[in-house]
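The values are calculated or read from the model by the stated rules, or taken from the named source; none is laboratory data. Note that the coordinates shown come from a computational prediction; the quantities given were computed from them, not determined experimentally. Note that each Cβ is placed from the backbone with ideal geometry, even for glycine, and that neighbours are counted across all protein chains shown. These area figures cover heavy atoms from the full protein model, side chains too; ligands, DNA and RNA do not enter into them. Shrake-Rupley method; radii C 1.70, N 1.55, O 1.52, S 1.80 Å.
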Amino acid sequence: MTPKFLQTSRRAFLGGSAAAAALSALSEPALAQRNQPTLDQYEPVYLTAAEWAFVMAAVARIIPSDGDGPGAIEARVPVFIDRQLAGDFGAASDLYMEGPFAPEADMNLGTQSPLTPAEIYRQGIAAFDAWCRSEQGAALGDLDPDAQDAALQALADDEVGLKPELREFWTLLLQNTKEGYFADPRHGGNAGMQAWVYIGFPGARANFHEWAGRDEAYPLGPVDIAGERA
Amino acid sequence: MARTDPKKDVVIVGLGWTGAIMGIELASEGLEILALERGPDRSTVPDFKYPEVIDELEYGIRFGFMQRPKNSTITVRRTGDEVAQPMRRLGSFLPGDGVGGAGIHWNGQTWRPMENEYRLRSYVEEEFGAEAIPEDMTIQDWGVTAEELEPYYDRFEYMAGISGQAGNINGKIIEGGNPFEAPRSRDYPLPPLKQTVDAKLFAEAARGMGYHPFPRPAANASEAWTNEYGMQLGPCNFCGFCERYGCINYSKSSPQTCILDALKRYPNFSYRVNSEVLRVDLAPDGQTATGVTYWDEEAQEEVTQSADLVILAAYQLHNVHLMLLSGIGEPYDPQSGEGVTGKNYSYQMNGGTTMFFRDVDFNPFAGAGSVGMAIDDFAINQIDFGAEGFIGGSYIVAGNSNGQPIRGISLPEGTPEWGAGWKQGIGEWYGHSMSIGSHGSCLSYRDCHLDLDPTYTDRHGRPLMRMTFDWKPNDIRMTQFMKRKIEEIAQSMNPDSWQSSFKGEGARYDIRPYQTTHNVGGSIMGTDPNTSAVNRYLQAWGQHNVFVLGAGAFPQNIQYNPTGAVGALAYWAARAIREDYLPNPGPLV
Ligand SMILES: Cc1cc2nc3c(=O)[nH]c(=O)nc-3n(C[C@H](O)[C@H](O)[C@H](O)COP(=O)(O)OP(=O)(O)OC[C@H]3O[C@@H](n4cnc5c(N)ncnc54)[C@H](O)[C@@H]3O)c2cc1C
Ligand code: SF4
């Protein structure tokens, strides 16, 4: 059965410039095999309910659903972010986390926060939602889209008074949203490889000897690491 | 806990490109050799197997094959009065970790420096006068010449099966090659790769302006190749997952595809993984090394491993770190200018112009690590430093190595970074842009150096190495010159729009975005023990049984990617050890 979130996005797709490819992206067998819970049935592993609502709202503005191509919601980016935060990435398991910490050091010297990415999300969401409430009267998820955009722009411009330990919050949120949009579906986002279909990236095909040097549109849709075709 | 293992003839620290070369060269002498590699074992199968390795998030973005800062990092400051901060997350450069080192996940762009780069100080003094060299610039001669090294470049290129087109064979200029290159004794082992659309458009434009385009030399095999060790490469299929990934296809030259299986067949060679060398142990008089001490991760204990010969092959950064920790060479002091270990750290000055063509399908995913057409018309040996007001040069290139979407989609200036405009932009422009890049020299300066950090330590309690580095006006003038040249070419191609990204006046080093893993200097070679850390055979001046391989030997950075020179120097040092040192151990100079 086609998941609900895809049913709603289908219309937007068919109007898109990549319509032909998108049609194949939505072929029933590929979707049937995925058999995933819809986003409102998904039970977050790391994010709390309020944090989930924030992430749903934020990514829906960072990569909106209208216009050509899938939005972050159709691509299931929130699932990707939740899984990343629950795993090694969230736990900073590769990062050097020994003190002393100088979170206010020059940006060019890279992140100096004592907090892990998961902690930055937790504290960043709380602090930013508090800012939204005091400036706009409601948490990000409860604002209308224009107000959400304005609030996110203020976050991007570092105008919401976050403490230096949380300085990376927007960069992480933006980067992780794009990662979830484009990463192989095995990581939980890029559902149905729709983001790849949209831009014309063939995914894990990885064999293009006869295509090097040809100025013609590549005709095949993507495959993913699991061997699914879009 | 600690243990002492039986003595070996040779211990090699690190099993990447240089460790593998030295390993097989010395193994053929019948010596008992142990290579110690801090990371895990890696082989094409299972580690680079299709399709699992075609995972941009895991390898391209989360750096699955690289060093984890948690285990190994440095601190960085731009100037002597800044407090250095640890590089907590990887960014600017991506050192390797595990068997094969960065040699598994490089692009394979394999160059030989220009003749004058080996004797840069002498060249500038002779051609432009000593006063052309700014006071704080500490450039030096290498102590070897292009002519002396030629046979070793040839050896490396034939071992690695490089695809390219010679431009100068024994002084005869060959049409279609690089006419400005140093003379080589014969052509590349393999013909050039097929070219991508962007490379072809660039070459056509460059030719139209009277320049001399040639194919970028590639460690991505254009045809099948069997090397001197009996190792085989298959033709590259333009998989588009080259840099940051192991090759799925046995096509990228690496220790795995070119050396390791042959090396592992020598009964007198063995290697241990998950074994990080902590220091080189010196004899009480400090005149020789007795071996190394390493951390055995599986046994969770320190191991004393004695050996007659110690080869540092741990990559530039880690070689210098081990030298500083072990007392090999006097640490460099930027105040007095004295000392040698850590001196002349340098990097690479790059920039580029991106052009957008609505009607061209570049198919950027159909790429290979070293594909591309280059020109050397503005190389370091083509520029009048007196007239231009800088010392340096650059190769200029277009060639698309990958189209992976998380790593970045170029969008025209003014496109928002997020929201509806960004989404529309990626749909419109993915596959419709190309770049012309400048890959330029970066010289050495009195304050740019490596030493031990006073504050931060690693998981073994050793001080981290501290890097002091910033961009300098000379190199910014060089890159601004290249910007003007590249923009002229770009405009002649009539793109729908274009934009440039070059360092400008006052640019500061930023460790966050990836730039290159071309860290050089710190264990520089030369002819004088007072100004260099190793002699012309890469032998430590103070400890004759320690040899230090890798790009640490470069007294300033060349205008090219380093590994051609790194490989040639490894063969050069191997010859000196085999023919001169082993029969008569002692200082070679
Ligand atoms: C993403 C990327 C792209 C690149 N592209 C190019 C290119 O196109 N052209 C080019 O010329 N160069 C390129 N390079 C650089 C190239 O990979 C290096 O020049 C080359 O691998 C250096 O060889 P090496 O033997 O000095 O170091 P490596 O090959 O990195 O090997 C060093 C080994 O030592 C190990 N080691 C380190 N410390 C210790 C210790 N204390 N104890 C035990 N083992 C240790 C490491 O784990 C590693 O395996 C690239 C590098 C990267 C990362
Ligand atoms: S582009 Fe070629 S050499 Fe590089 S990883 Fe792919 S197949 Fe191997």
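Some notes on this structure:
- Interface residues of the range A:167-211, defined as those losing at least 50 Å² of solvent-accessible heavy-atom surface relative to the isolated chain (probe radius 1.4 Å), are listed as A:LYS178, A:GLU179, A:PHE182, A:TYR198, A:ILE199, A:PHE201, A:ALA206, A:PHE208, A:HIS209.
- Using the Cβ-Cβ distance between B:ASP361 and B:ALA387 with R0 set to 51 Å, the FRET efficiency works out to roughly 0.75.
- Neighbour count of at most 13 Cβ within 10 Å plus DSSP loop: longest trypsin sites (Lys or Arg not before Pro)-free window in chain B: B:50-185
- The mean number of Cβ atoms from other chains found within 10 Å of a Cβ in peptide A:90-99 is 6, as a whole number.
- Contact surface A-B: accessible area buried, both sides summed, square angstrom, 1.4 angstrom probe: 5400
- Exercise: per-residue mean of other protein chain Cβ atoms within 10 Å, B:355-365: 3
- Net charge of Cβ neighbours under 11 Å - reference B:TYR581; Lys, Arg +1; Asp, Glu -1: -2
- Taking the 1.4 Å solvent-accessible surface of the protein assembly as shown as the whole, the part contributed by carbon and sulfur is 48%.
- Antiparallel DSSP beta bridges within chain B, percent to nearest 5: 65
- In the range A:55-71, the residues whose accessible area drops by at least 20 square angstrom when the other protein chains are added to the isolated chain are A:ILE62, A:ILE63, A:PRO64; the probe is 1.4 Å and only protein heavy atoms count.
- Delta accessible area of at least 20 Å² on complex formation, residues of the range B:203-248, 1.4 Å probe, chain isolated as reference: B:ASN237, B:PHE238, B:CYS239, B:PHE241
- Here is the list for the range B:412-481: GluC sites (Glu not before Pro) lying in DSSP coil, each with at most 16 other C-beta atoms within 10 angstrom of its C-beta, are B:GLU413, B:GLU417.
- Rounded to the nearest angstrom and listed largest first, the equivalent-ellipsoid semi-axes of the range B:477-589 from its Cα gyration tensor are 41, 15, 11.
- Look at the dipole of the protein assembly as shown built from charges on Cβ: of B:GLY408, A:THR171, A:ALA72, the Cα furthest out on the positive end belongs to A:ALA72.
- Per residue, the Cα convex hull of the range B:2-581 amounts to 146 Å³.
- Computed from the Cβ-Cβ distance with R0 of 25 Å, the FRET efficiency linking B:GLN300 to A:ASP88 stands at 0.70.
- Take chain B with all the other protein chains still there, run a 1.4 Å probe, and you get 33 Å² of accessible area per residue.
- The loop-placed GluC sites (Glu not before Pro) in the range B:272-374, going by DSSP, that have at most 10 neighbouring Cβ atoms within 10 Å of their Cβ come out as B:GLU298.
- Toward the positive end of the charge dipole of chain B, with +1 on the Cβ of Lys and Arg and -1 on the Cβ of Asp and Glu, the farthest Cα among B:GLY506, B:GLY437, B:PRO454 is that of B:GLY437.
- The range B:2-581: relative contact order in percent, alpha carbon pairs under 8 Å with at least 6 residues between: 22
- Dipole of the range B:2-581, positive direction: furthest Cα of B:PHE356, B:MET114, B:GLY329, with charges on the beta-carbon: B:PHE356
- Values of log10 I(q)/I(0), in the order q = 0.17, 0.21 Å⁻¹, for the range B:282-413 under a Debye, Cα-only, solvent-free model: -1.03, -1.27
- For the range A:142-219, the set of trypsin sites (Lys or Arg not before Pro) satisfying both a DSSP loop assignment and a count of at most 16 other C-beta atoms within 10 Å is given as A:ARG214.
- Quarter of Cα convex hull surface for the range B:96-235, i.e. mean projection, nm²: 11.6
- The range B:400-502, Rg to Rh (Cα coordinates; Rh as Kirkwood inverse mean 1/r): 1.13
- For the pair B:ALA132 and A:ALA150, label points projected 7 Å from Cα toward Cβ lie 6.0 nm apart.
- Long pairs among B:LYS70/B:LYS264; A:LYS163/B:LYS70; B:LYS200/B:LYS252; B:LYS252/B:LYS472, criterion Cα-Cα beyond 32 Å: B:LYS252/B:LYS472
- Computed over the protein assembly as shown, the Cα gyration tensor eigenvalues convert (square root of 5λ each) into semi-axes of 43, 31, 27 Å, ordered from largest to smallest.
- Taking the empirical scaling 2.2 N^0.38 Å for compact globular proteins as reference, the range B:250-293 has a Cα radius of gyration ratio of 1.69.
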